[in-house]
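A short worksheet on the structure shown next.
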Amino acid sequence: MAAHHRERHTNDEGVAEALEDLVYVFDSEPAGISAGMYETLSEAVGVWMVNSPTSRLVALPASENSLVVVDDRHGWPSRELVLAPGLETEAYRALAKGRTLPALARQLDDLGISVIDGRLEALVEERTTLGLTFREGSMYLALATGLRW
């Protein structure tokens, strides 16, 4: 039985074109953060690393279907915030997945919780001011760990 051997020919022109395409992708003006921003971020990461072992923001189940948010983060006042059953607890729990205010209102309505006009926005904005919720555009996200939905 004769063995067949195929020679592989390199197409030098094709290799050159592929390299040019590759260089095009990576050959660009430097982009990214400035040296000053790098220093600021490095300092912030250093502070976080030093303080992270003793910092926490966690939502814990409490009696009567409520939550207690324990906040022991560096740079924030240490506090325990008791969220009342119903609107306060369910709104915060629903924000574990991130939602807009209309989506949050629908979620609460599905749970049978009615909301007076303006109350939900005021509640979420208050939690954002306290650093318990993060806002990006129209989306809100609960920051505490331990939330179950």
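The values are calculated or read from the model by the stated rules, or taken from the named source; none is laboratory data. Just so it is clear, the model here is predicted, and its values are computed rather than measured. Cβ: placed from backbone, ideal geometry, glycine included. Neighbour counts: every protein chain shown. Calculation scope for accessible area: heavy atoms of the full protein, side chains included, ligands and nucleic acids excluded. Shrake-Rupley method; radii C 1.70, N 1.55, O 1.52, S 1.80 Å.
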Handout entry: Amide H within-cut-off set for Ala62, under 5 Å, with H built and near neighbours excluded
Key = Leu67, Val68
Handout entry: Apportionment of accessible area to carbon and sulfur, the range 32-131, percent (1.4 Å)
Key = 57 percent
Problem - Per residue solvent-accessible surface (Å²) - the range 37-121, probe of 1.4 Å - result: 63 Å²
Exercise for the section: Determine how large the accessible area of Ser66 is when every protein chain is in place; take a 1.4 Å probe and give Å² rounded to the nearest 10. Expected result: 10 Å²
Handout entry: Contact order normalised by residue count of the range 66-107, Cα under 8 Å, 6+ apart, percent
Key = 31 percent
Handout entry: Under 5 Å, built H, 5+ apart or other chain: amide partners of Ala84
Key = Thr89
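Kindly provide the trypsin sites (Lys or Arg not before Pro) of the range 87-146 that DSSP labels as loop, not H, G, I, E or B, and whose Cβ sees at most 16 other Cβ atoms within 10 Å.
none
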Fill in the blank from the handout: Surrounding charge for Glu90, neighbours by C-beta under 14 angstrom, Lys/Arg +1, Asp/Glu -1, total +3
